[in-house]
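All of the numbers you see were taken from the coordinates with simple rules; none came from a lab. Please read all numbers here as calculations on a predicted model, not as lab measurements. Note that we place each Cβ from the backbone using ideal geometry, even for glycine, and neighbour counts take in every protein chain shown.
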Amino acid sequence: MKAVVLETVGDVSVRDIAIDETPGPRDVRIAVRRVGICGSDVEYYTHGRIGPFVVEEPMVLGHEASGVITEVGDAVEHLAVGDAVCMEPGIPDPNSRASRLGLYNLDPAVRFWATPPIHGALRETVVHPADFTFKLPDGVSLAEGAMVEPLAIGMHAAGKAQITPGDLAVVLGAGTIGMVTALAALAGGCSRVVITDVKPPKLAIAAGLNPQAITPVNVSETRVADVVGELTDGWGADIVFEASGAVAAVEGAFEPLRPGGRVVLVGMPGEKPAWDVIAAQIKEARIETVFRYAHVYPRALALMGRGTIDVTPLITDTFAFDDAAEAFAWAAEMPETSVKAQIELPA
Ligand code: ZN
């Protein structure tokens with residue numbers, strides 16, 4: 001089948017690749033239709049590695065995928081040929097201790113699309129477990145379906161924050177993950193989200209998602225703690241989501257926080273931050289961390305189906321499958337006015 005293959009650092013081609021996949025009784029085959037380009041795909045393209053994961057052989061990219069079912073295994077009851085679906089890209093060992101505890105995202109044996117050596121979903125068809133394949137509600141497009149993967153991270157972060165209705169949250173970083181975290185925090189009951197970045201176009205897009213409830217702050221001009229202080233009579237934010245991965249943002253995460261507040265670390269810093277332990281202690285901050293997500297696709301789809309969460313403003317660029325090499329070269333230098341680029345496969 002044809003696939004978008006990362007041959008080696010900086011070299012993507014669209015070519016035939018042999019992937020032998022026979023569906024089992026609990027699997028489905030899906031004609032892939034939309035795949036989002038993630039920061040992780042771009043990182044493998046530009047650097048060939050993320051932490052311990054190193055690209056050593058040609059690998060199919062992409063993990064933010066949606067498509068249409070073309071074949072269902074005998075034991076599959078909740079899906080049918082022709083269904084529009086999105087797919088959760090990480091498949092754990094269902095019998096592992098982590099999975100049995102409900103923490104399947106933390107299973108050391110998880111196989112995650114486009115994390116070496118596992119091939120990704122930027123190819124004509126995939127065979128996938130039906131249990132990790134979710135039917136799109138009416139009115140949710142295939143393009144939106146491919147946004148469920150990044151949204152799931154924001155949803156998982158909102159869950160970890162244990163939002164109380166009316167909470168004021170800060171989201172540090174207005175990239176894709178910051179924006180979906182803001183949407184999930186508002187859907188989860190926050191009354192206001194103060195979102196930060198240093199790029200004005202990103203802040204404008206973020207504010208436009210919900211002008212009544214999202215306050216943008218350019219932290220190259222204004223301290224977020226000052227803005228939060230004004231909004232809360234000096235008390236501070238109930239929750240701070242760190243979604244930038246910028247070391248300075250991680251280090252400053254306790255500053256806008258109220259006493260007894262929660263910090264949720266979502267972004268992965270490129271370098272090791274220097275923690276101010278005392279800044280956390282004097283506020284008795286509760287710190288939560290997020291690694292991917294578990295059990296949130298159905299919740300994300302329910303909110304999208306009801307219109308509570310609309311991800312369409314985040315899909316700023318679409319490329320044809322045959323132009324995938326150009327798409328990755330472009331994504332490596334993505335303009336500030338763009339948020340999420342997707343690749344569209346022919347129907
Ligand atoms: Zn992703």
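Using modelled amide H (1.01 Å from N, peptide plane; none on Pro or chain starts), what sits under 5 Å from the amide H of residue 215, excluding residues fewer than 5 places away? Under 5 Å from the amide H of residue 215: 193, 194, 195.
Highest mean packing first, where packing is the average number of other Cβ atoms within 10 Å per residue, the peptides 234-245, 260-271 line up as 234-245, 260-271. Only helical runs count toward this figure. For the chain, summing -39,500 (n - 2.57) over DSSP H runs of n ≥ 4 and dividing by all residues gives -7000 deg cm²/dmol at 222 nm. Listing 13, 96 from fewest to most neighbouring C-beta atoms within 10 Å gives 13, 96. In a reduced charge model with +1 at each Lys and Arg Cβ and -1 at each Asp and Glu Cβ, the chain shows a dipole moment near 860 debye about its Cα centre. Dipole check for segment 15-130: with +1 at the C-beta of Lys and Arg, -1 at the C-beta of Asp and Glu, and the Cα centre as origin, the magnitude is about 240 Debye.
Counting only lysines at least 8 places from residue 160 when in the same chain, those with an alpha carbon closer than 24 Å to its own are 272, 283. About its Cα centre, segment 156-289 has a charge dipole of approximately 280 debye under the convention of +1 per Lys or Arg Cβ and -1 per Asp or Glu Cβ, with nothing else charged. Projecting the Cα atoms of 179, 241, 277 onto the charge dipole of segment 156-289, computed from C-beta unit charges around the Cα centre, puts 179 farthest toward the positive end.
Amide H to amide H, with H built 1.01 Å from N, residue 267 comes under 5 Å of 242, 243, 244, 245, counting only residues 5 or more places away or on other chains.
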